[in-house]
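Reviewing the structure listed below.
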Amino acid sequence: MRRRALLTATAACWLAACATAPSQPANRREITAADILAVEPAVLRAAVLTDLRVLVQAVVIELRVAAQDERFVIRLQEPAAADPRLAPAPAQRAWQAFALPADGAAALLTIRQLLAWRKTDPGGVTVTVSAQPALVPADLLAALPLRIDLLVDNREGWFTQADGTLDLRR
C-alpha cells in the first residue's frame, strides 16, 4: 500500500496548482518570472505545510517561455531550516523547507543568463510552483492538505503560492 501511495504521489506532483483553496492567505502573491530571475540563489526557499506523516521530496518551479516553446525547471530539494516568519503550523501539520542544491543554484544562474542573452521578456514567461510528495499515507490520498510558500526576497518575506487540498487518486 505504501508503494502505491508513493507512486500515486509522484505521478500527482504537478497538481499543486490545481488544489482547491478553502481560504485565501493574507500573504498570497503570485511569484513572477522577474522575481525568479532576480533572486539570489542563496535566498530562494520553498516551504510546504502538510500533514506530519507526509514526506515531501522537493518543490519545483517551472518557467515556461511560450514564444520559444521552452520550459526550465528549478528544483528546491535541499532540506533547510524552517523560517520563524512562516505562519505557525496547525495541529498535526508541519513545515518542510527546501533550498537550492549547489547544482540548482548553477542551473538558476544559467537560466537567467540564457533568458537575458535571448532578450526574453519576463512578462512572457509563466511560473508554476508545485510540490513533489514522496510518501503519502493511504488515508490522505483523497484529501492531502498542502500549502506552498516561496521566499524570493528576505525583506518581503514569504508568499503563498498554493493552498488547498489535493486528490491524488486522479
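Among (1) under 19 Å from the mean Cα position of the chain (by Cα); (2) not in a loop (DSSP other than H, G, I, E, B), where does ALA87 come up short?
(2)
Pick from ALA106, ALA162: which is of a type in the set (A, V, I, L, M, F, W, C), modelled with pLDDT under 95 and touching a strand residue (DSSP E or B) at 6+ places or on another chain (Cβ under 7 Å)? First the steps, then the outcome.
Numbers: ALA106 fails: touching a strand residue (DSSP E or B) at 6+ places or on another chain (Cβ under 7 Å).
Sole residue among the options that is of a type in the set (A, V, I, L, M, F, W, C), modelled with pLDDT under 95 and touching a strand residue (DSSP E or B) at 6+ places or on another chain (Cβ under 7 Å): ALA162.
Just to be sure I understand the filter: pairs with C-beta atoms under 7 Å, separated by 6 or more residues or on different chains, first member in the stretch 101-118 and within 15 Å of GLU78 (Cα to Cα), second member in a loop (DSSP other than H, G, I, E, B). Which pairs pass?
Listed pairs, sorted by first residue: PRO101/GLN77; ALA105/PRO41; LEU108/PRO41; LEU108/LEU100.
For residues that are touching a strand residue (DSSP E or B) at 6+ places or on another chain (Cβ under 6 Å), more than 18 Å from ASN154 (Cβ to Cβ) and touching a residue at least 24 places away in the same chain (Cβ under 8 Å), tally how many sit in the stretch 62-91.
9
If I filter the stretch 48-57 for residues that are in a loop (DSSP other than H, G, I, E, B), surrounded by fewer than 19 Cβ atoms within 10 Å (Cβ to Cβ), at pLDDT 95 or above and not hydrophobic (A, V, I, L, M, F, W, C), do I get at least one hit? It would help to see each step written out before you state the result.
Pass one, the stretch 48-57, residues in a loop (DSSP other than H, G, I, E, B): 52-54.
So of that shortlist, the ones also surrounded by fewer than 19 Cβ atoms within 10 Å (Cβ to Cβ) come out as 52-53.
Cutting the leftovers down to at pLDDT 95 or above gives us 52-53.
Restricting the remaining residues to those that are not hydrophobic (A, V, I, L, M, F, W, C) gives 53.
The answer is yes; a qualifying residue exists.
Which one of these is over 19 Å from ASP163 (Cβ atoms) and not β-branched (Val, Ile, Thr): ALA89, ALA94, ALA106? Before you say what the answer is, go through the steps one by one.
Numbers: ALA89 fails: over 19 Å from ASP163 (Cβ atoms); ALA94 fails: over 19 Å from ASP163 (Cβ atoms).
Matching residue, one of ALA89, ALA94, ALA106: ALA106.
Which condition number in (1) at pLDDT below 95; (2) surrounded by 15 or more Cβ atoms within 10 Å (Cβ to Cβ) is the one that ALA80 fails?
(1)
Looking only at the stretch 5-13, decide whether some residue is at pLDDT below 90 and either at positive phi or exposed (fewer than 14 other Cβ atoms within 10 Å of the Cβ) (or both).
Of the residues in the stretch 5-13, the ones at pLDDT below 90 are 5-13.
After this cut, where a residue has to be either at positive phi or exposed (fewer than 14 other Cβ atoms within 10 Å of the Cβ) (or both) as well, the list is 7, 11.
Looking through the stretch 5-13, at least one residue is at pLDDT below 90 and either at positive phi or exposed (fewer than 14 other Cβ atoms within 10 Å of the Cβ) (or both).
Of ALA89, ALA67, which residue is modelled with pLDDT of 95 or more and surrounded by fewer than 17 Cβ atoms within 10 Å (Cβ to Cβ)? It would help to see each step written out before you state the result.
Values: ALA67 fails: modelled with pLDDT of 95 or more.
When all the criteria are applied, what remains is ALA89.
The values are calculated or read from the model by the stated rules, or taken from the named source; none is laboratory data. Remember, it's a predicted structure, so these values are computed and weren't measured experimentally. Glycine also receives a Cβ, built like all others from the backbone with ideal geometry; neighbour counts cover every protein chain displayed.
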